[in-house]
Amino acid sequence: MPIYQAPQRDIRFVVHELLDLPGHYQQLQGCEPLERETLDAIVEEGAKFAEEVLSPLNPVGDQHGCQWQDGQVSTPPGFAEAYRQFAANDWLALDKDPAYGGQGLPPSLGSVISELLFSANHAWTMYGNLSGGAISTLSAHAEETLKQRFLPPLIEGRWSGTMCLTEAHCGSDLGLLRTRAQPQADGSYTISGSKMFISAGEHDLTENILHLVLARIEGAPAGVKGISLFLVPKIAVKLDGSLGAANGVSCGSIEHKLGIHGNATCVLNFDNASGYLLGEANRGLNAMFTFINESRLAVAQQGQGHAEAAFQAALRYARERIQMRATPRLRPEQPADPIISHPDVRRMLLTQKAYAESGRMLTYACAQLVDVLHHGASAVDRAAAERRLALLTPITKGFLTEAGNEAAQLGIQVFGGHGYIREWGMEQIARDVRITSIYEGTNSIQGLDLLTRKVLADNGEALNELLTEIESFCNSDQAPTALAQPLVRQIAAWRQVSLWLSQHQGDDADLVGASAFDYLMLAGYCLVGYYWLRAAALAERQLDAGSSEREFYLGKRETARFYLQRLLPRATLHRELIGSGSANLMDIPDAAFAR
């Protein structure tokens, strides 16, 4: 099975050299700054937990899965013990508000730890990650009395949280949901309906589960404008915070699914369950987007984490596996050479490496923006961070999950026939990562969000700010000229196709829908290219200065060269597909699909 080793040196490169998080923390307000040594010590402890506790449980979770019986779910062996250990060591409290029991550290530090956990054990990490989203949503939208009552047990890890959006008949079209909310005399509501695809909806890790449920108050407007958000505990919570009776929430079944077997994906039934309104009535989807946007960045880390895990396993195998002869021969005394010496294996490994390492840069950069969004020194800084984060979130979620899926498939290919065999663990990575391009909004939805709401809606102003920043770096003395040139061309093309779509969207009602996914991928390739160029510039300076870590920086520079010359050109294909318009999709009659 794959043995996960936390890439601490590369994490330090991103944290200290690329983003300077310790310096960044000094500029924040309302959270504790961290010195370099303290930050590294926390990451080291997180790495130890990921390597020693979570990674060994990853195949256990896949093989045993979650079991459902009479409405109760048992998680795989070792999961509950690991969760209790995680909570006891205050990992859940790391970046949470001290007013409710948190440690008050910057959100980006929590994101660094999340990468380690997702890479080691995706299914297990979802339980705590969903609790983190629930904490953020309650913090942003609950009344103070509810915060005092519900946040401390969540932050302690005694309770956990979920996000209950979709229903069997509506999928991602939440305007069709039917779950009902009836107001009660005491200000609470009774919630009735059924939700499906609820990750971590029922389990044995915590004593209570808090469900954040979208429902429609009687008489509310149709569609998404009539949706409200409610907090619905599995077990009723008394005013003093103690647990009461069961609250009309039951698990009707769990899904038997392709991957992430260690996380229960549930059908939840609400039968006059008592709940509490969060935020304003009929504006529940707006409130839930606190949870959704945080989850989308977490899913991006899942894609990146699987790329890292797949690369680590494939690299070890490629160094050890002896097969066929290289040119020139590496081991002439033996009948064959290690497969890492063969060009196509190197292509696959470098692709995995490029995705894993650039994904780390991109997700940490987004986490840095989350820091500023919540703790920026000025309203101007916070607004700028919100604007940039809104643009980057769909790109990051969409592109990195597609990249994670590709990296997993390449991992199987490097192993050859052994990659297709369960005992090596590569097929689990491929199965687990597959969901990431689907949930929290399919990548088609991410593309539509990016193109319609984040680019066309403001006439490209936010995009122009980003592209101007990239062009400025490409033309600066910092950027290696030879590596910058292909990125300069692609950024110009990104500008051009954005303008073309803006000019022609009115001529073709289907143009945006036909272009959205390709636009997302074009944006992803270009954005990742920007971070690789920045990494290459840092590496060049270290190499020129005679760094004692020559191999590390050489690897960084050469991976950047590989990406900019071998992967970035894929953006051209996506641009050409956009330019082909929608007729080759929509003018084809339905009869053409007949067999």
Give the residues of region 497-524 that are free of Cβ contacts under 8 Å to residues at least 12 places away in the same chain and part of a helix (DSSP H, G or I), sorted by residue number. Q503, H504
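Within region 460-489, which residues are over 18 Å from R387 (Cβ atoms) and of a type in the set (D, E, K, R)?
Scanning region 460-489 gives E471, D477, R489.
When you look at S472, is it at pLDDT 95 or above, of a type outside the set (K, R) and not in a helix (DSSP H, G or I), yes or no? Steps first, answer last, please.
Working: at pLDDT 95 or above: yes; of a type outside the set (K, R): yes; not in a helix (DSSP H, G or I): no.
No: the conditions fail for S472.
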Can you say whether Y4 is among the aromatic types (F, W, Y), over 21 Å from T206 (Cα atoms) and at pLDDT 95 or above, as far as the supplied structure shows? yes
When you scan region 83-183 for helices (runs of 4 or more DSSP H) that lie fully inside it, which ones turn up with 1 or more residues that are modelled with pLDDT of 95 or more and over 28 Å from L34 (Cα atoms)? 122-141, 144-156
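Taking only region 1-57 into account, find how many residues are assigned to a loop (DSSP other than H, G, I, E, B) and among the aromatic types (F, W, Y). So that I can check it myself, show each step before the final result.
First, the residues of region 1-57 that are assigned to a loop (DSSP other than H, G, I, E, B): 1-7, 19-20, 26-35.
Next, from what is left, pick out any that are among the aromatic types (F, W, Y): 4.
Number of matching residues: 1.
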Of all residues being in a loop (DSSP other than H, G, I, E, B) and among the charged types (D, E, K, R) in region 184-208, which is farthest from M126 (Cα to Cα)? Just the residue, please. D186
Could you pull out the residue among L285, L315 that is modelled with pLDDT under 95 and on the phi < 0 side of the Ramachandran plot? L285
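If you check T572, T559, which single one turns out to be within 21 Å of M348 (Cβ to Cβ), among the β-branched types (V, I, T), in a helix (DSSP H, G or I) and not assigned by TED's automatic domain parsing to the domain that holds A365?
Numbers: T572 fails: within 21 Å of M348 (Cβ to Cβ).
Testing whether each residue is within 21 Å of M348 (Cβ to Cβ), among the β-branched types (V, I, T), in a helix (DSSP H, G or I) and not assigned by TED's automatic domain parsing to the domain that holds A365 leaves just T559.
Looking for whichever is crowded, with 20+ Cβ neighbours inside 10 Å and over 21 Å from G175 (Cα atoms) here; the options are I235, I254. Which one fits?
Numbers: I235 fails: crowded, with 20+ Cβ neighbours inside 10 Å.
Of the residues listed, the single one that is crowded, with 20+ Cβ neighbours inside 10 Å and over 21 Å from G175 (Cα atoms) is I254.
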Residues to consider are G416, G359; find the one that is part of a helix (DSSP H, G or I), at positive phi and among the small types (G, A, S). G416
Starting from region 114-128, keep only residues that are buried (at least 24 other Cβ atoms within 10 Å of the Cβ), then list their pairs with residues that are acidic (D, E) whose Cβ atoms are within a distance under 6 Å, requiring at least 6 positions of separation or different chains. S119/E308; H122/D432
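The values are calculated or read from the model by the stated rules, or taken from the named source; none is laboratory data. Source: prediction; values computed, not measured. Glycine gets a Cβ as well: all are built from the backbone with ideal geometry, and neighbour counts include every protein chain shown.
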